[in-house]
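Here the structure is laid out as structure tokens; the discussion comes afterwards.
The values are calculated or read from the model by the stated rules, or taken from the named source; none is laboratory data. This is a predicted model, so every value here is computed, not measured. Cβ sites come from the backbone with ideal geometry, for glycine too, and all protein chains shown count toward neighbours.
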Amino acid sequence: MRLNSFRPTPADDAQPAEIREVEKSSLTVIGTGYLGAVHAACMAEIGHEVLGVDVDEAKIAALAEGRAPFFEPGFPEVLKRNLENGRLRFTTSLAEAAAFGDVHFVCVGTPQQPGSHAADLRYVDAVVDGLAPHLRPGALVVGKSTVPVGTASRLAERIDAELAWNPEFLREGFAVEDTLRPDRLVVGVTSPSAEQVLRDVYAPMLAAGTPWVSTDPATAELVKVAANSFLATKISFINAMAEICEATGADVTTLAAAIGYDVRIGDKFLRAGVGFGGGCLPKDIRAFRHRAAELGLEESVRFLHEVDAINLRRRDRAVSLARELVGGSFAGRSVAVLGATFKPDSDDIRDSPALAVANAIRAEGARVTVHDPQGIDNARAVHPDLDYSPGAQKACEGAHVVVHLTEWSEYRDLDPVKLAEVVHGRALVDARNALDLAAWRAAGWEVRALGRPRA
């Protein structure tokens, strides 16, 4: 194993180092979903010639025309700029990609298998098998998809080319920044030449001081799932504390602030609320548990079962608080739900706690109207039985209770005095602990929040 990790320590007021263009390579990015499209555009942004590949013809056509197929701040500008300068193109042909590229990044999804906690690797396998007959001598295939440990070793036997693993650590809403200025680069390689190729690809980031960790593929695979497991555990820990705070009258926000001052703990990911969702953390911790069980090590990550359970309980708790505020039954009640995406600054509704709560309330007989700044179209396509509103205040008209479920900044800016004029009842559940509860109470609202005292 090779490890060359460093972390610069600039002055507190230092500005991020400028990312400069690199001597160009010919790269392909296979899979142009959220990860792949951003990676392709950003690799072109730093000077590489990039060919994006996907089997979805409509998506490829949209990207080729400069139309982003999802909401991500900053991405449309990077996409259009590099289409116009000619460094970025798109295709549906793996054969064309193999003929074009020296380095091939595999960025396809690894969703949870239906009826199982295991990761579905069919798309990763299909890419490798599709590339294999066409690869040029000396090509490097680089996995970025989140996979169970041991996947790279298995795939390496299926291609006559070197395989490396380079996990991604993107945050939705910050994906362009995280790609161009990552907090670390991790590569799992089996030869010095493969490592050098990837150093050349990421030369501008390394020149800017990004820490570089070179290791074996298995460790690289584990880095991603271990990181996500730790983040999920931290979120569920503070949500478990919220459960105890609710039973004792304590305030989880003060608790979180107090323990966050401890440098061994830190304050990030200590905001209690309705829990995590999206296309990564929930399915990744389940797939990790499944893989550990395959290795005979189920006990080692058994705690992740409780992490998952705590997370799901918070959704139920949000429903119960809203039910309490409407008198114990949702039958015949109108409920406004603020938020549909699993987090702000995204249009991603995968495993969204907001929509899980909205659907649970609707199932108990309420009319539920949902607002979200970016996620309404995606939500309506998957959950057509919910009602949707183009405006937050409009969604609240006639509502017996307002449930705040995604912490978009515009919801923090809502005026509780003005909103009180359009609702049926001044009742609020802040399931993200992001609103100024004192201001809402001063405006006459009855307020409930996860892990907070009632008054």
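Considering each of Ala442, Ala392, Ala360, Ala449 in turn, give the residue that is at negative phi and surrounded by fewer than 18 Cβ atoms within 10 Å (Cβ to Cβ).
Ala442
Exactly one of these conditions fails for Thr248: (1) buried (at least 16 other Cβ atoms within 10 Å of the Cβ); (2) more than 22 Å from the chain's Cα centre (by Cα); (3) closer than 30 Å to Val319 by Cα. Give me its number.
Condition not satisfied by Thr248: (1).
Kindly indicate which of Ala395, Ala442, Ala431 is under 18 Å from Ile349 (Cα atoms) and in the same structural domain as Ala242 (by TED's automatic domain parsing).
Being under 18 Å from Ile349 (Cα atoms) and in the same structural domain as Ala242 (by TED's automatic domain parsing) holds for just one of Ala395, Ala442, Ala431, which is Ala431.
Could you tell me whether Thr369 is assigned to a loop (DSSP other than H, G, I, E, B) and touching a Leu at 6+ places or on another chain (Cβ under 8 Å)?
So Thr369 fails the test.
Output the residues belonging to region 203-233 that are closer than 22 Å to Cys280 by Cβ and not in a helix (DSSP H, G or I).
Thr210, Pro211, Val213, Thr215
Checking Ile265 against (1) in a loop (DSSP other than H, G, I, E, B); (2) assigned by TED's automatic domain parsing to the domain that holds Asp308; (3) crowded, with 17+ Cβ neighbours inside 10 Å, which test does it fail?
Condition (3) is where Ile265 drops out.
How many residues are touching a Leu at 6+ places or on another chain (Cβ under 9 Å) and not aliphatic (A, V, I, L, M) when one looks only at region 27-44?
Count: 5.
What strands (runs of 3 or more DSSP E), lying completely within region 36-120, carry at least 1 residues that are assigned by TED's automatic domain parsing to the domain that holds Ala175 and touching a Gly at 6+ places or on another chain (Cβ under 6 Å)?
88-91, 103-106
Of the conditions (1) in a helix (DSSP H, G or I); (2) of a type in the set (Val, Ile, Thr); (3) not assigned by TED's automatic domain parsing to the domain that holds Asn433, Val187 clears all except one; give me its number.
With (1) in a helix (DSSP H, G or I); (2) of a type in the set (Val, Ile, Thr); (3) not assigned by TED's automatic domain parsing to the domain that holds Asn433 applied to Val187, the lone miss is (1).
Does Ala126 fit the bill of being closer than 28 Å to Gly66 by Cβ, surrounded by fewer than 17 Cβ atoms within 10 Å (Cβ to Cβ), at pLDDT 95 or above and under 25 Å from the mean Cα position of the chain (by Cα)? Quick ask: steps written out before the conclusion?
Values: closer than 28 Å to Gly66 by Cβ: yes; surrounded by fewer than 17 Cβ atoms within 10 Å (Cβ to Cβ): yes; at pLDDT 95 or above: yes; under 25 Å from the mean Cα position of the chain (by Cα): yes.
In short, yes.
Under 8 Å between Cβ atoms, which residue pairs at least 6 apart in sequence (or on different chains) link something in region 409-427 that is part of a loop (DSSP other than H, G, I, E, B) with a partner that is at pLDDT 95 or above and hydroxyl-bearing (Ser, Thr, Tyr)?
Final answer for the pair search is His424/Ser334.
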